[in-house]
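Readers should treat all values here as calculations from the given coordinates under stated rules, not as data from a laboratory. The structure displayed is predicted, hence computed values, not measured ones. So basically every Cβ, Gly included, is an ideal-geometry build from the backbone, and we count neighbours across all protein chains shown.
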Amino acid sequence: MHPFERILSVLETDVDLELRSVKEISWLDFWLNPRRLRSSDFLMRWSQGVWSEKRLLDAINKTNKFYAIAYGPSGTAPTDDVKAFELYFERLEAAGLGNIKRPDLLLFKKSDKSLVNKFLTNIGGETELPFIKEDKLQSIVSKAIIAVECENSLWVGGKMPDYNTPMKAQKRLGGKIGLPKNAVLPTVIIKEEDRIPLRKWQKVNRIPIHIWHVFFDRAFGLPFNDAERLIRVGLIQPTIQTFQAPGGATTQKAIYKFYYHYAYPLGISEESPKLVPAYIEDKNGHILPYVKFEGGSLKITQEAINILNRL
């Protein structure tokens, strides 16, 4: 699958904004060559991802203790224009770098900010990072405290039905503690297809990876090594789910949902985002409206700061 489609893939169960009663959409052919965005869901997914990563970057940089930069291909892509976003991945693909798997963020001590910014200036900015081989980036990668893989969900975590539900022994887990399979609660998600490349990146670079999952009202963090251990001992089992890409292709992927009980509280929302109307216009003047995420702020918890200080 092309990296642009892979980045924007969404769970079929989340694609609920389509005009399902309309058999034919005459404005399907958008000016996003060569793929097509089938509905507002994919544009909203793009906006949501951009927004959640920006919240994390802003929150970390406001601590005055740490400094974060976008590092992975999706995190360094243009954030204000979906067309530019797609063309960026076209360039990655043309350079043979479309399948690069790097963590989304790198986190440094605040004292290393000037060194990192000087390096970025010399290479032409953050957006050039994915086009540079890993061995040429060691001068800044080696300075990182942790690398971060970002995930996000369209949920108010504190209002999910099984939030605050304690774990109990589960028959399906062989008597190990957990929650019912259909429990609805905040989880930190890792895709099976990402485990091997993340494990390899962590081993080669000797930088611990954490998974940070952002909800509307809060965020949770989970060390990648802890996630691997939970899978290994059978406390977390894979879930098979169907993803749909903008071009219409569907794929089944195994994902792991780690109960927030295993994670550390990363951040609490201080200001909710605004959902504002936006649209793209194709070359023929057709309009596709979608909802865009703007604003909102997240405050990093003291517990997360303590974890980062220890690292």
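Quick notes on this structure:
- Close Lys pairs in region 189-311, defined as Cα atoms under 25 Å apart and 8 or more places apart or on different chains, number 12.
- Measuring r between the beta carbons of Leu275 and Ile240 and using R0 = 25 Å, the FRET efficiency lands at 0.20.
- By definition, a body whose alpha carbon gyration tensor gives a ≥ b ≥ c is prolate when a/c is 1.5 or more and a/b is larger than b/c, and region 130-218 fits this prolate description.
- Cα-based shape type of region 197-242, given that a ≥ b ≥ c are square roots of the gyration tensor eigenvalues and the cut on a/c is 1.5: oblate
- Within region 152-182, the trypsin sites (Lys or Arg not before Pro) that combine a DSSP coil assignment with at most 12 other C-beta atoms in a 10 angstrom radius are Lys181.
- Distance (nanometres) between label positions extended 7 Å along Cα→Cβ at Thr250 and Leu120: 4.0
- In plain terms, the bigger the Kirkwood radius, the slower the diffusion; for region 254-311, with that radius from Cα pairs, at 20 °C and 1.002 mPa s, Stokes-Einstein puts D at 141 µm²/s.
- Cα-based shape type of region 150-193, given that a ≥ b ≥ c are square roots of the gyration tensor eigenvalues and the cut on a/c is 1.5: oblate
- Residue-wise HN-Hα couplings along region 54-70, as the Karplus relation 6.51 cos²θ - 1.76 cosθ + 1.60 with θ = phi - 60° gives them from phi, are 5, 4, 5, 4, 4, 5, 5, 6, 7, 6, 6, 10, 9, 9, 10, 9, 5 Hz; Gly and Pro carry x.
- Over region 261-311, relative contact order from alpha-carbon pairs under 8 Å, at least 6 apart, %: 45
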